[in-house]
Amino acid sequence: GDEFIRQWAFIPRRFSQDPASNVLTIFTSMFMHGGWMHLLGNMLYLYIFGDNVEDRFGRVGFLAFYIAAGVCATFTQYYFSEGSNLPNVGASGAIAGVLGAYMLMFPHARVSVFIIRQVVEMPALIVIGFWIVLQLVSGFGSIAHTDETVDTGGVAYWAHVGGFVAGLAVAYLYGRRGGPSRTA
């Protein structure tokens with residue numbers, strides 16, 4: 001219910017006013033979702049891309065990476081909406097980190113995509129690239145509204161962008177330090 005959401009979601013304005021009392025919500029909000037479609041969409045992306053990235057990092061490394069990408073996502077959204085009273089929930093930012101890592105770790109991989117009543121194999125770079133362009137365009141659109149007294153609700157696009165960039169950065173650094181470099 002609403003009280004549960006208010007208690008455990010990351011709310012930018014509340015965090016600004018009292019970071020110490022709200023630090024836990026940075027993590028708890030990653031395990032909440034705005035509905036079944038939000039949850040199922042996230043799980044679909046995690047199912048498609050997450051297992052390969054987890055194979056590279058290992059279970060514990062993947063968990064640390066996933067949480068770090070989610071934290072980066074939360075603070076990116078916070079940067080763009082510090083005065084918002086809207087609750088931020090979901091694992092989308094962390095999963096965006098998985099997509100960023102996947103792009104670098106598996107640049108030649110292909111994924112099956114449903115397009116106009118058929119399943120088509122496409123390069124993962126195109127699928128993920130299209131997704132991140134949509135997030136950037138939508139993110140810039142979300143900051144076009146300059147009146148801070150009005151909350152415009154919906155999707156935390158900047159969390160997606162922040163998580164994605166964090167995933168790219170970690171995968172790049174991981175590859176540079178000599179992590180496994182096999183391809184999918």
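The values are calculated or read from the model by the stated rules, or taken from the named source; none is laboratory data. Fair warning: this is a prediction, and the values are worked out from it, not measured in the lab. Don't worry about glycine lacking a Cβ; one is built from the backbone with ideal geometry, like all the others, and counts go over all protein chains shown. To get the accessible areas, we keep the full protein, side chains included, count just its heavy atoms, and leave off ligands, DNA and RNA. Shrake-Rupley method; radii C 1.70, N 1.55, O 1.52, S 1.80 Å.
Below is a table of values for the structure above.
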| item | result |
| --- | --- |
| Carbon/sulfur fraction of accessible area - the chain, other protein chains in place, 1.4 Å, % | 64 |
| Contact order normalised by residue count of segment 1-112, Cα under 8 Å, 6+ apart, percent | 40 |
| Average accessible surface area per residue within segment 49-117, 1.4 Å rolling probe, Å² | 47 |
| Cβ charges +1 (Lys, Arg) and -1 (Asp, Glu), total dipole of the chain, debye | 660 |
| Helix-only mean residue ellipticity at 222 nm for the chain, each DSSP H run of n ≥ 4 adding -39500 (n - 2.57), per residue, nearest 500 | -18500 deg cm²/dmol |
| Nonlocal amide H pairs with ARG110, under 5 Å, H built at 1.01 Å | ALA124 |
| Extended-chain gain in nm, criterion 0.36 nm per residue less alpha-carbon gap, VAL133 and PHE114 | 4.9 nm |
| For segment 38-44, Karplus couplings with θ = phi - 60° (6.51, -1.76, 1.60), whole Hz, Gly/Pro x | 4, 5, 5, x, 4, 5, 5 |
| Cα gyration tensor category, rounded, prolate or oblate, for the chain with a/c compared to 1.5 | prolate |
| GNM result for the chain, Cα springs below 10 Å: residue of LEU173, LEU125, LEU86 fluctuating most strongly | LEU173 |
